[in-house]
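The values are calculated or read from the model by the stated rules, or taken from the named source; none is laboratory data. All values derive from a computational prediction rather than experimental measurement. Backbone-built Cβ (ideal geometry, glycine too); neighbour counts: all protein chains shown.
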């Protein structure tokens, strides 16, 4: 009867109430849970560091969100920061969907823990492999290589082939670039047997063969354990 | 890392299926402490929306334990499909399912400034 009188607008189930939906600060862990469950609210204040790392299900954040620092790394589907966002310290955005911020945004940006400029964060195509080789700060150099992309970096700088062989997709190569002051960049180039696309994956620097590297990528530290029956 | 070795005096690698970045290996039984998971999707592409999934919806049961995933194939065989990868037939049984990994140098130390 209530439903009929109300034109069907009475919800059949109780809506889960949003706790403390007021101006009181929310503990960081609770804030993460609420936002990931899309139960955050506009004007939400977080009491400290808000860690949303890896929340690929997030497409937006509450407007006028306030926190001390914000980690949105690997939030691949988060492409914009909300209006009125207030972060007092820094935003970690490696691997997020954010590809630009308006000029004069005023945020301190980090990429895998390293403070970066807008150019590094958003204009990685403008960097050359040679520019990156000349960067003395090791951590910043690592960030820049990841931003440029392993495949592009190796193409531009010219990697050394440690090993090559063939698998079901075609030729695969284990390529490395040594550094005097840092561990070598070691990558495995493989061709997907289904799509024909080349994939480049970083592997530990102590890899010696393509098979060892492919096994490591698949989760096997002992390459003898890796022998796929079917690859597609 | 994932030891599913058969009983043999000679070392034999575990049976393994690779479907893009998803790997499956048969195991003897459903592990203890698992909980039922709904659906037939083994892994989602986070950006593309593509997924590695079983075509026959009523023929499988997914089981989870923390971050671990197991697939129980209840019919004689089912088909593992994806928008970009060729299909793989999986026989009746239980499989451990996991995704490939990529190396990243030691985590950067968080420097409080």
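Here is how the numbers come out for the structure above:
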{"item": "Qualifying residue in region A:78-90 (condition: within 12 Å of chain B (Cβ to nearest Cβ) and closer than 18 Å to residue A:143 by Cβ)", "result": "yes"}
{"item": "Count of residues meeting criterion [out of contact with any strand residue (DSSP E or B) (no Cβ under 8 Å at 6 or more places or on another chain) and over 27 Å from residue A:57 (Cβ atoms)] in region A:84-135", "result": "16"}
{"item": "Checklist (1) more than 9 Å from chain A (Cβ to nearest Cβ); (2) in contact with a strand residue (DSSP E or B) (Cβ under 8 Å, 6 or more places away or on another chain) applied to residue B:67, failing item", "result": "(2)"}
{"item": "Test: residue in region A:54-67 that is surrounded by 18 or more Cβ atoms within 10 Å (Cβ to Cβ) and closer than 21 Å to residue A:144 by Cβ", "result": "no"}
{"item": "Which numbered condition residue B:100 fails, given (1) within 12 Å of the chain's Cα centre (by Cα); (2) within 14 Å of chain A (Cβ to nearest Cβ); (3) modelled with pLDDT of 95 or more", "result": "(3)"}
{"item": "Residue ranges of helices (runs of 4 or more DSSP H) in region A:118-232 with at least 3 members at the interface with chain B (Cβ under 10 Å from one of its Cβ atoms)", "result": "A:138-148, A:210-217"}
{"item": "Selection count, region A:121-147, where residues are over 17 Å from the mean Cα position of the chain (by Cα) and surrounded by fewer than 17 Cβ atoms within 10 Å (Cβ to Cβ)", "result": "11"}
{"item": "Test result for residue B:15, more than 10 Å from chain A (Cβ to nearest Cβ), assigned to a loop (DSSP other than H, G, I, E, B) and either at pLDDT below 90 or touching a strand residue (DSSP E or B) at 6+ places or on another chain (Cβ under 7 Å) (or both)", "result": "no"}
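Results for (1) at the interface with chain A (Cβ under 7 Å from one of its Cβ atoms); (2) at pLDDT below 95; (3) crowded, with 16+ Cβ neighbours inside 10 Å, shown as yes or no for each residue.
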residue	(1), (2), (3)
B:73	no, no, yes
B:84	yes, yes, no
B:93	no, no, no
B:105	yes, yes, yes
